[in-house]
Amino acid sequence: MKFTYVSSKLTTLFLTLAIVSCSKNKPEPSIGAQVSGSYTLIKILFGPLGVDYPFSEPGTGNKTAGKVEISKVTDDKVSTTLIFIETDKTGKVTEKKINLGEVGLQKATTGEIEAYNGMTKIGTYSNGTLILSVYDPTLGPLIITGKKN
């Protein structure tokens, strides 16, 4: 009788230790999974000029916001879409989606996740902040900053 009680307690103790041990060794999500998600656009820089988002156009009363949607393709590759959302003064919402394509990801020695188009670094992700460098045919080089939702 005493043996059954001790055996039961030991079994419970070993199971508890096994569960606690396993929960501590959860693998870190892939860099693709870490970067994937929706980001609220907070700033776009083009040359020396910058626009904070969201913003209202004084002349028209239109409000413009934006977001960046990132989807995991593989553990080290993601697909990126930039979305501008314009709301006119009557409340009508118009979305303009720009597919930025797929980029490869690498973990830097600093801990940041870097995005590459071929051999060219085009972005970084760190602590919920995304910074992308893209080229617009009209405006030229742009730096887009977003905060993960």
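The values are calculated or read from the model by the stated rules, or taken from the named source; none is laboratory data. Treat the numbers as computed from the prediction; the structure is a model and nothing was measured. Please note: Cβ atoms are built from the backbone with ideal geometry, for glycine as well, and neighbour counts cover all protein chains shown.
Structural remarks
- One residue stands out among those in the range 27-36 that are in contact with a strand residue (DSSP E or B) (Cβ under 9 Å, 6 or more places away or on another chain) and in a loop (DSSP other than H, G, I, E, B): the one that is nearest to Val103 (Cα to Cα), which is Ser36.
- Among all positions in the range 98-113, there is at least one residue which is aliphatic (A, V, I, L, M), in contact with a helix residue (DSSP H, G or I) (Cβ under 6 Å, 6 or more places away or on another chain) and within 11 Å of Val35 (Cβ to Cβ).
- With a requirement of 1 or more residues that are within 13 Å of the chain's Cα centre (by Cα) and polar (S, T, N, Q), the strands (runs of 3 or more DSSP E) lying completely within the range 37-149 that satisfy it span 37-46, 63-74, 77-87, 120-126, 129-136, 140-148.
- Tally, over the range 36-70, of residues that are at positive phi and surrounded by 12 or more Cβ atoms within 10 Å (Cβ to Cβ): 1
- Selected residue [under 25 Å from Ser133 (Cβ atoms) and modelled with pLDDT under 95] from Pro27, Pro54, Pro48: Pro48
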